[in-house]
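This report refers to the structure that appears directly beneath it.
The values are calculated or read from the model by the stated rules, or taken from the named source; none is laboratory data. Note that the structure is predicted; figures quoted are calculated from it, not measured. Reconstructed Cβ throughout: ideal geometry from the backbone, glycine too, with neighbour counts over all protein chains shown.
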Amino acid sequence: MASTEDKVVAKQENATTWKDSFYNPRTGEFMGRTASSWALILLFYLVFYAFLAGMFALTMWVMLMTLDDNVPKYQDRVPYPGLAIQPNSLDIIYNKSEPLKYAPYVQKLESFLLSYNDTEQEKNEECTRGEYFLQDDAEDMEKKACRFKRGFLSLCSGLSDTNFGYSEGKPCILLKLNRIIGLKPRGDPYITCAVKKDEPIQMQYFPREGSIDKMYFPYYGKKAHETYVQPLVAVKLLLTKEDYNKELAIECKVEGSDLRNNDERDKFLGRVTFRIKVEA
Amino acid sequence: MARKNCLVKNLEAVETLGSTSTICSDKTGTLTQNRMTVAHMWFDNTIHEADTTEDQSGSSFDKSSATWVSLARIAALCNRAVFKAAQDTLPILKRGVAGDASESALLKCIELSCGSVKAMREKNKKVAEIPFNSTNKYQLSIHETEEGNENSYLLVMKGAPERILDRSSHIMVQGKEQPMDEEMKEAFQNAYQELGGLGERVLGFCHVFLPEDKYPKGFAFDTDEVNFETDNLCFVGLMSMIDPPRAAVPDAVGKCRSAGIKVIMVTGDHPITAKAIAKGVGIISEGNETVEDIAARLNIPVSQVNPRDAKACVIHGTDLKDLSQDQMDDILRNHTEIVFARTSPQQKLIIVEGCQRLGAIVAVTGDGVNDSPALKKADIGVAMGISGSDVSKQAADMILLDDNFASIVTGVEEGRLIFDNLKKSIAYTLTSNIPEITPFLFFILFNIPLPLGTITILCIDLGTDMVPAISLAYEAAESDIMKRQPRNPLRDKLVNERLISIAYGQIGMIQALGGFFAYFVVLAENGFRPYDLVGIRLNWDDRSNNDLEDSYGQQWTYEQRKIVEFTCHTAFFVSIVVVQWADVIICKTRRNSVFQQGMRNKILIFGLFEETALAALLSYCPGMDVALRMYPLKPSWWFCAFPYSFLIFVYDEIRKLILRRNPGGWVERETYY
């Protein structure tokens, strides 16, 4: 009899509760490990991860060493430029009698055109029109940029009309081709816009015929061509009373050169579609 | 398994077999060949040796004694074995016999020494018989005879020697019947001990001529009610047979021992025979003694021997009946080599339960109908394929098609191998989880463009990783598989913290770094340097942003940069394939070096080529860009993950080297899964 009682008592003493799996006071184990065991395993992982971080840093450094400062290694994914608009919203909706509504668009245009101010453009060169401005022989030297003065956009420059035509219901939209290093479009590129579905509306292009001069190409990259500015084309939508309160879908394309503008998958390659609705 | 003569009835049994820690084996037919040959005879107070050579070249014994004639007659008549038909041209020892092993041995022996048994049986027709049963341990038959007293019946009986002796009041010496006295009984015991001590199965033979007055011709002998005398018979002699152990058994028992498996013999046979066979096959190893052996050696009574000194013990079935559960547990715990002799089938069940109480995983072999409870109770029941009854085969989980004990060892090895390979396969598959998850985590935490997309994750889990993971199931056993202790089913889990630590914490992390390196390389070489990627996520994923600037000042449309992103996914995917090459090679072994194990797993090699070919196909096949949005990679991008793959291989080889050199050390405790 005594032996069975002893066994019961011994069992109670040795029984482990679920709490012991967190902290076991008898063995000093926390979550199943003693303090020194924790210290060893954490030390191991510290050293291990430090080594891995070092190896990763080394391989990254080796890779970055192989990169050129001015030109990316591969450009096969950007053979043709996209077309983008300013103000950079694809849905432009405002009421021409409410300044607050069109103020954001006007502000965006204004801040975008700051770098095109005459004061900034004085630093750039007056280039020969109709020709690429090649600077390949000037290696390791800062490349020079061609001038594009704000004035080239005349009515849409924001100089004469600070509201860019938004207040009178004839808004200006700026269009620009994406920058691509080394791109030299052939032919005579120009931008043309058209209303997608309904009757056409009158538009005015600045500079004349919406042309993009070849002298602004090629682009030599951010580092070498610091002062570069992209050529812009402004289109002023001459909306009439019938065109107000209607949502117009307008598509602008770059034509007249070898730049692609009809890619099936990329709808922004050489073209851009945006919607505009002016409420009166 | 079937090719190795092990028919598995349910597959989980193989895994259980791998964790077996005790095997309770039957003796006759499992450990031995069950091909009895008569080796010795005892009659006229002398042991005679029989000729056991195949071609009768040995010396024959003296057959002149009349006792021999009676003995031969009993052996021939009290026997249900017959030669199979149409074998007259074959030498006697090679003929096929229909009947059990002992009776076949007797038949062949008598045929060899006395001539046609068939003729003998025809002269003495059988009128009644009581077949052998395991409770009585004898069989008898009654025959018509013309010899001696004309037209009386001859009752011949054979069976366990002590039972035959109990029923004998007389003994035949030189053909004459004499009353049994103490001297004769002692001579009998000595002969029995000596023959049994040689490991032979001893059978006793006796007869009696039934007096004609009590049993006239035509007497109706009733074998159910037993209306005739079965006592006061005349003891004639003993014949002993050897049932040699199977050739492969000593080796198999040795392997079990080094694998940490205890082998217990459980037999209905005599303790001395059982002990001799146990010594012969290695169940009782050299130098281990039972308490009786120690007592005999030191010339002291058995009670004075310290039980702790004896590692081996032989337990008689009658003693087993009197043992309490605690005493049984004591015996099982304190002895490493145990033989249970003269056990009844019910006792087999008790032994199995006793072992299981001590926490062992028990495998039991059996062939008889009354072995079924023990077979069912055992964690894995093994039935004999040839000599087993249908009931035992039904109750068992595994059937030995050739009745060979060595096949159980094969089963154990296979079971352990399955468990090991399962661990390897799981470790391999789990490892790739880290390089699959970390891209999304970093995408969220650091706002970088998504490094690995859903389709590419699926390509890994359902495409390239399938064949290598399955190929690990075909991996050969590592050299130490049968030298380890059996698996403790409570503590040794399939997936343990060490496996997770290695897969997720170590190898998985290296793999993730390889993938990220490829990701950064692709983006940087296309114009997006790593520093400029952090925080770019919202703009990158904005469909309306079509003039996103890269590190060189170029501007990208949404579609253009998404193509680069998908190229990154493809490169990350290919990097995972590359690091998984190294992973599958290191997962081949848990302890051995790959150079020791070899690359003989052809399916694994096929898997390596197949996953690479699949990766190349997914990247370069025209139409993949539209279907799965996976893009062709520049050749240099395939090599981005190579240094990390190499690191995985070198790291794990060094870890396993340290593990082998420092068994029981910190590295083994923390990383040996």
### Task
Test each condition in (1) away from every other protein chain (no Cβ under 14 Å); (2) more than 26 Å from the chain's Cα centre (by Cα); (3) surrounded by 11 or more Cβ atoms within 10 Å (Cβ to Cβ) for residue A:18 and report the one that comes out false.
(3)
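Among the residues of region A:139-175, which ones are among the small types (Gly, Ala, Ser) and part of a loop (DSSP other than H, G, I, E, B)? I'd like the intermediate steps shown before the answer.
Start the filter on region A:139-175 by keeping residues that are among the small types (Gly, Ala, Ser), which leaves A:145, A:151, A:154, A:157-158, A:160, A:165, A:167, A:169.
Residues satisfying the conditions are A:145, A:157, A:158, A:160, A:165, A:167, A:169.
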## Note on the structure
Filtering region B:529-568 down to residues that are hydrophobic (A, V, I, L, M, F, W, C) and farther than 27 Å from residue B:436 by Cα yields B:548, B:556
### Summary
Pairs returned, first residue in region B:251-263 that is more than 16 Å from residue B:339 (Cα to Cα), second residue that is assigned to a helix (DSSP H, G or I) and of a type in the set (Gly, Ala, Ser), beta-carbon separation under 8 angstrom, 6 or more apart or interchain, are B:251/B:406; B:252/B:406
### Task
Sort out which residues of region B:547-599 are hydroxyl-bearing (Ser, Thr, Tyr) and free of Cβ contacts under 8 Å to residues at least 60 places away in the same chain, and write them in order of number.
B:551, B:552, B:557, B:558
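Checking the condition hydroxyl-bearing (Ser, Thr, Tyr), within 14 Å of another protein chain (Cβ to nearest Cβ) and surrounded by fewer than 19 Cβ atoms within 10 Å (Cβ to Cβ), which residue from A:115, A:97, A:111 passes? First the steps, then the outcome.
Numbers: A:97 fails: within 14 Å of another protein chain (Cβ to nearest Cβ); A:111 fails: within 14 Å of another protein chain (Cβ to nearest Cβ).
After applying the criteria, what remains is A:115.
If only one of B:338, B:361 is modelled with pLDDT of 90 or more and in contact with an Asp or Glu (Cβ under 6 Å, 6 or more places away or on another chain), which one is it? It would help to see each step written out before you state the result.
Details: B:338 fails: in contact with an Asp or Glu (Cβ under 6 Å, 6 or more places away or on another chain).
So the residue among B:338, B:361 that is modelled with pLDDT of 90 or more and in contact with an Asp or Glu (Cβ under 6 Å, 6 or more places away or on another chain) is B:361.
Would you check if residue B:470 is touching a Gly at 6+ places or on another chain (Cβ under 8 Å), within 19 Å of residue B:613 (Cα to Cα) and hydrophobic (A, V, I, L, M, F, W, C)?
Numbers: touching a Gly at 6+ places or on another chain (Cβ under 8 Å): yes; within 19 Å of residue B:613 (Cα to Cα): yes; hydrophobic (A, V, I, L, M, F, W, C): yes.
Judged against the criteria, residue B:470 is a match.
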### Query
Could you list, in sequence order, the residues of region B:12-28 that are part of a strand (DSSP E or B) and of a type outside the set (A, V, I, L, M)?
B:22, B:24, B:25
### Query
Restricting region B:160-213 to residues that are of a type in the set (Asp, Glu) and assigned to a loop (DSSP other than H, G, I, E, B), which is farthest from residue B:125 (Cα to Cα)?
B:181
### Query
What number goes with the only condition from (1) surrounded by 13 or more Cβ atoms within 10 Å (Cβ to Cβ); (2) at pLDDT 95 or above that residue B:613 does not pass?
(1)
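One line per residue, one yes/no per condition, for (1) within 14 Å of chain A (Cβ to nearest Cβ); (2) of a type in the set (A, V, I, L, M, F, W, C):
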{"residue": "B:508", "(1), (2)": "yes, no"}
{"residue": "B:514", "(1), (2)": "yes, no"}
{"residue": "B:544", "(1), (2)": "yes, no"}
{"residue": "B:548", "(1), (2)": "yes, yes"}
{"residue": "B:570", "(1), (2)": "yes, no"}
{"residue": "B:583", "(1), (2)": "no, no"}
{"residue": "B:590", "(1), (2)": "no, no"}
{"residue": "B:595", "(1), (2)": "no, yes"}
{"residue": "B:605", "(1), (2)": "no, yes"}
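Within region B:516-542, restricting attention to residues that are among the aliphatic types (A, V, I, L, M) and in a loop (DSSP other than H, G, I, E, B), which residue is farthest from the other protein chains (Cβ to nearest Cβ)? Give the derivation first.
Of all residues in region B:516-542, those among the aliphatic types (A, V, I, L, M) come to B:518, B:521-524, B:533-534, B:536, B:538.
This time we only want the ones that are in a loop (DSSP other than H, G, I, E, B), so: B:534, B:536.
Details: B:534: 14, B:536: 16 Å.
It comes out as B:536.
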### Close pairs from region B:502-523: first in the same structural domain as residue B:431 (by the TED database), partner surrounded by fewer than 24 Cβ atoms within 10 Å (Cβ to Cβ) and not in a helix (DSSP H, G or I), Cβ under 7 Å, at least 6 apart
B:502/B:673
### Message
Cβ-Cβ under 6 Å, sequence separation 6+ or interchain: first residue in region A:212-224 and more than 9 Å from chain B (Cβ to nearest Cβ), partner among the aromatic types (Phe, Trp, Tyr) and not in a strand (DSSP E or B). Which pairs?
### Response
A:214/A:132; A:215/A:133; A:217/A:132
### Task
Output the qualifying pairs, or none if there are none: Cβ atoms under 8 angstrom, residues six or more apart or on different chains, first residue in region B:225-250 and exposed (fewer than 14 other Cβ atoms within 10 Å of the Cβ), second residue at pLDDT 85 or above.
B:226/B:130; B:231/B:167; B:231/B:169; B:232/B:167; B:232/B:168; B:232/B:169; B:232/B:170; B:232/B:208
